[in-house]
Structures are given as structure tokens and as C-alpha cells.
1. Output yes when any residue across region 174-181 is surrounded by fewer than 24 Cβ atoms within 10 Å (Cβ to Cβ), away from ligand 2 (no atom under 16 Å from the Cβ) and farther than 20 Å from ARG316 by Cα, and no when none is.
2. Determine whether region 326-341 contains at least one residue that is modelled with pLDDT under 95, closer than 24 Å to ILE21 by Cα and touching an Asp or Glu at 6+ places or on another chain (Cβ under 6 Å).
3. Could you list all residues from region 72-88 that are open to solvent by less than 10 Å² (accessible area, probe 1.4 Å) and either of a type in the set (A, V, I, L, M, F, W, C) or within 13 Å of ligand 2 (Cβ to nearest atom) (or both)?
4. Are there any helices (runs of 4 or more DSSP H) wholly within region 186-304 with 2 or more residues that are farther than 16 Å from GLY176 by Cα and acidic (Asp, Glu), and if so which?
5. Six or more apart or on different chains, Cβ atoms under 8 Å: show the pairs whose first residue is in region 154-168 and more than 16 Å from ligand 2 (Cβ to nearest atom) and whose second is part of a helix (DSSP H, G or I) and open to solvent by 10 Å² or more (accessible area, probe 1.4 Å).
6. Return the residue satisfying two criteria in turn: it lies in region 257-301 and is within 13 Å of ligand 1 (Cβ to nearest atom) and of a type in the set (D, E, K, R), and of such residues it is most open to solvent (accessible area, probe 1.4 Å).
7. State whether the residues of region 120-131 include one that is within 11 Å of ligand 2 (Cβ to nearest atom) and either under 17 Å from the mean Cα position of the chain (by Cα) or more than 20 Å from ASP13 (Cα to Cα) (or both).
8. Checking the conditions here, which among LEU130, LEU125 is out of contact with any Phe, Trp or Tyr (no Cβ under 6 Å at 6 or more places or on another chain), closer than 28 Å to THR330 by Cβ and open to solvent by 30 Å² or more (accessible area, probe 1.4 Å)?
Amino acid sequence: MNLILSIESSCDDSSIALTNIDNLEVVEHLKISQEIEHSKYGGVVPELASRLHAVALPKLLEKLKPYFKNIKAVAVTTHPGLSVSLHEGVAMAKSISAFLEVPIIGVNHLYGHIYSLFIGKNESLPLLTLLVSGGHTQVLRVKDFNNMELLATTMDDSVGEAYDKVAKMLNLGYPGGPIIEKLALKGERDRFNFPIPMQNSPLVAFSLSGLKNAVRLKIEELRESNSLDEQAICDIAASFEKAVVKHLLQKSKKIFKKDNSKYFAIVGGVSANSYIKSNFKKLCKEFGKVMLEVDLKYCSDNAVMIGRWAIERYKRRDFDNLDSIKVGATKECREIVSSTK
Ligand code: KG4
Ligand code: ZN
């Protein structure tokens, strides 16, 4: 059995996975999430995250000892993310690479999210993808492994960040996305008429900060008049979500009109959101695209997606240098603009 060991520690999830290089089968997927620890702060505290990774990663690795003899390469997220958190994973990957004398592959976390679509299976390309996570909101065209093109990005906050901040304003905890989604199901989407960002702008880009501010003002207004009750919170969540989706759809539609990729997919943590997904399903139907979906357990950060991307690199014998690999400094550590390698 030929295995790739992959490590993900870019934010608040410590994860290690083993994937069979030959048949893409996921052999092990271990993950310790730090959500509870960060929840009381309403967001991720980098120093705390890094300390927790330092405890969690060795604990997970210990469980994989019986497989060490089968490991042919080690892959690790090197960018983007919290540098103190990334460092924990990179340091561990370097030690494993040196100890087992296997090559090392530094992976761009965003490539991992895109390849989370292809865990356990071959690629379906060309693909248009909306990458929505805590740190990014982008539309990319993936022609093949060697050819990705950035078509749109956010000018300020990411979608995940906006969900997290709205949840924080309402003292609901972290991460905000799943909490807001759940409350929105009990809310009235038309109660608050939040502005759809950049509605009249021809720019194909995203912006969430204006909407976030409008939500903040509404919360303050309701608090002052003592009317921020349970139903009002659900209605805020629902109305906010409606504005987010309208914005994402409106800008994506402009891209869909000019794109002939067969496949479309939403990737990144926010892709777990059913309301966003169902609306994009309708858009895909309208434009005759096949919508692919990430398995729910691989939407949020995980090491399996890092391993899946790294297998493509392994097949091409495309490795990094053990002496020079470090956080933010490998060949994949540039933002994707138009990356024809
Ligand atoms: O990809 P991810 O796990 O980490 C980053 O790379 O940032 O994404 C985390 C983000 C958080 O902002 C979280 O609130 C959001 O994904 N998220 C959601 C949902 N589940 C997670 N946002 C909306 N709806 C959800 N169901
Ligand atoms: Zn992520």
C-alpha cells in the first residue's frame, strides 16, 4: 500500500490524513477541532490555536504509527492561514519527511478546498468554482490541475467572515455560519430589507462589509428599542442570508453568462450551507451546468483535501525542498491569479 500522509493546521482544525496514492481511497482521517476553545472569544485567537495544534497534532500522529512503513510522501498546508498555526503543521511535516526519508509537498490550502471535490475519485474538469471560506470569497475557473484562473474576489470581508461577525454581534458564538444558517430556518427572509451589495455596479467582485454594517445598525436599533427578541434574531439571520445569496448569485450570473465549463461547485467551509447550495443549484439548471458537491464532512478544513491535491503533485514527481520549505514560502504560496504552471 502506497500512502500519502497529509497535515492541515492553517486555522483552528488540527487534522492528519492518510490516502492511498494508487486508488485515492481515504485510509485515515483524524481531526481535532478547536471551535469550543475559540467560541468564548467570538473568533480564532492565533496564539491559542497554535498552542492547541502543538498538543493535538502529535496525539493524532501517534495513532498512525502502524502505517509509517507505507508512507511515500508527506504533504502539508503552507499557505494561506494563520502563520503561527501553519508553522506547527509544517514543522511536523519536515520532521516526518526527514525521519522517513520521503519527499515533502507544500500545499496551498485553497487548492485543497477545490480538490475536496475529488476525494476518492478522479477529477471532473473544466470546473467553475465559488470558493467561500472564512478567509476567501473567489470565483475560479479550473481548466486542469495546471491551469487555474481567478475571475472574481472580495474587496473586503469574506462570506464566512461576514457570517461569523453577524453571529458575534448577536452573541451567538463561533463559528457563526452554522448557527446563522440554523436560526435563519426559523426566520422571515423578507422582514428586514438589507441592501444587496454592489447591486448597481457593473464590477464582477464581491463586497460584504456594507451589508455587515447594515446588519449591525439594525441590531443596535432593535436593542435600543428592546425588541431584539428570539424571533427578531431569526429574522435578522434569514434576511442577512437572503442578501448574501442574492449578491453571490447576481455576480456569479455575470460569470456564468460568459463561461462554458461543464461543471460548477461551491467549495470551502461555507459550502456546507444548504440555502446557498439550493439557490446555486437553480442557477446551474438555468445555465445547463452540472453542479458537483463536496461531501459534508470535507467542507470545513481537513487534511484529506490536502492529501488529494498532493497526490496530483506526487504523480508528477513535483516535490518541495526539505531544506527550504517554510510557511508562506513554497511554490504554491502565491495567491491564485492566473496560475498556468
Ligand atoms: O474553509 P473553512 O473551514 O476555513 C477557512 O479556510 O477559513 O471555513 C470556515 C468558515 C467560517 O467562517 C464558518 O462560519 C463558515 O465557514 N461556515 C458556514 C457554514 N459552515 C461553516 N457558513 C455558512 N453556513 C454554514 N453552514
Ligand atoms: Zn479552509
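The values are calculated or read from the model by the stated rules, or taken from the named source; none is laboratory data. Bear in mind the structure is a predicted one, so any value in this text is a computation, not a measurement. Counting neighbours? That spans all protein chains shown, and the Cβs are built from the backbone with ideal geometry, glycine included. We work out accessible area using only protein heavy atoms, side chains counted, and drop any ligands, DNA or RNA first. Shrake-Rupley method; radii C 1.70, N 1.55, O 1.52, S 1.80 Å.
1. Yes.
2. yes
3. We begin by selecting, within region 72-88, every residue open to solvent by less than 10 Å² (accessible area, probe 1.4 Å); these are 73-78, 85-86.
Within region 72-88, ALA73, VAL74, ALA75, VAL76, THR77, SER85, LEU86 qualify.
4. On the way: elements: 209-224, 230-258, 274-287.
Passing ranges, in order: 209-224.
5. Every condition considered, the pairs that remain are ASP156/SER209; LYS165/LYS212; VAL166/LYS212; ALA167/GLY177; ALA167/ILE179.
6. Per the stated criteria, the residue is LYS297.
7. The first filter runs over region 120-131 and keeps only residues within 11 Å of ligand 2 (Cβ to nearest atom), leaving 131.
Still in the list and also either under 17 Å from the mean Cα position of the chain (by Cα) or more than 20 Å from ASP13 (Cα to Cα) (or both): 131.
For region 120-131, residues within 11 Å of ligand 2 (Cβ to nearest atom) and either under 17 Å from the mean Cα position of the chain (by Cα) or more than 20 Å from ASP13 (Cα to Cα) (or both): present.
8. Going through LEU130, LEU125 in turn, the sole match is LEU125.
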